[in-house]
Amino acid sequence: MLHGSRREHIAAVREFNRFYTARLGLLRKRHLDGEFSLTEARVLYEIGAAPNVTASTLHNTLHLDPGYLSRLLATMMRRKLVRHKTSPADGREKLLTLSSLGERKVDQLNHQSALQIHGVLDSLSEADRETVVSSLSQVRRILIRAQPIRIVQLTKENQAAQAILQEYYETVNVLVRDKPGAVQAIIDATASGVWLAYIGKEVVGCVVLRRLEFTAKSSECKRLYVKPWARGRGIADKLLDAQEIHARKEGLEWIYLDSYDDLKTAIALYERRGYERCERYNDNPQATVFMRKKVIRSKDPSRANT
């Protein structure tokens, strides 16, 4: 049974839903009074935003019934809005892209949508606009935080990896940064890897494992980062868990890392996970702290944290 406060919360969210769906015209048969339904427009937008996306990814992102989505895509291909080709990684999957016609239609939708939102915001004061935008961002982050966390090991460098690494560089003020192509080289190398943490479809964290050449059966933990708003859910631990499981499978004996004294929270995390101080092992000019951890050979992942 729902308690009084919970009923009030539900009623408030439902009331807002009724307000904004009417205010933005989402109840109309055709989105923005154009030729597409809201669902059709969103599917076209997602394909345009992520060329070579698969139907299964669209299904997971939009939470659409697979049969319904399949029919939508078939209609779009008949209308020459969407093209597809077989995925080289999985012959059962089709990679979806917009045709030239589809790209023009999405450009029109984006233009009409921008005009509509401009009309909504234009009647507000500057202060109210800032409040609306910041409040929407906060609501989005809160709802995203409630979604499951996924840790994915990359098989190919992508824009999401580049973006999160760039954010890491800027946040920590990294001087020695990976050059173009370096991330893919790490992905392809033995005893190495790159992992991304997702909440929903948003990348919120990363970690890199890079093979060390100066000593056998050793690699280096690099670029551990979690976006500030996503912290507090154990994402850093999950990234390190995935990294250590991979290291054991690769037959590694040690994982090294460097840091510097100001990163006290990170150092405390490493110490909790069994990393111990060691001698300097590289020439990183920013590093003041050097640590390493013995990789425990075990089928039980939990033992990696002891």
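The values are calculated or read from the model by the stated rules, or taken from the named source; none is laboratory data. None of these values were measured; they are calculated from a predicted model. Heads up, the Cβs are rebuilt from the backbone with ideal geometry, glycines too, and the neighbour counts pull from every protein chain shown.
Would you mention how many residues in the stretch 36-74 are without any contact (Cβ under 8 Å) to a residue 12 or more places away in the chain and either within 25 Å of ILE117 (Cα to Cα) or exposed (fewer than 15 other Cβ atoms within 10 Å of the Cβ) (or both)?
Qualifying residue count, the stretch 36-74: 10.
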With (1) over 30 Å from SER134 (Cβ atoms); (2) crowded, with 18+ Cβ neighbours inside 10 Å; (3) without any contact (Cβ under 8 Å) to a residue 40 or more places away in the chain as the list, and GLU244 as the residue in question, which single condition is left unmet? (3)
Every residue in the stretch 141-196 that is in contact with a strand residue (DSSP E or B) (Cβ under 6 Å, 6 or more places away or on another chain), part of a helix (DSSP H, G or I) and over 27 Å from GLN286 (Cα atoms), please. ILE144
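If I ask for residues that are in contact with a strand residue (DSSP E or B) (Cβ under 6 Å, 6 or more places away or on another chain) and at pLDDT below 90, which ones from the stretch 26-58 would you list?
Those that are in contact with a strand residue (DSSP E or B) (Cβ under 6 Å, 6 or more places away or on another chain) and at pLDDT below 90: PRO51, ASN52, VAL53.
Could you please find all residues in the stretch 1-41 being part of a helix (DSSP H, G or I) and of a type in the set (D, E, K, R)? Walk me through how you get there before you give the answer.
First pass over the stretch 1-41, keeping only residues part of a helix (DSSP H, G or I): 4-23, 31-33, 38-41.
Residues satisfying the conditions are ARG6, ARG7, GLU8, ARG14, GLU15, ARG18, ARG23, ASP33, GLU40.
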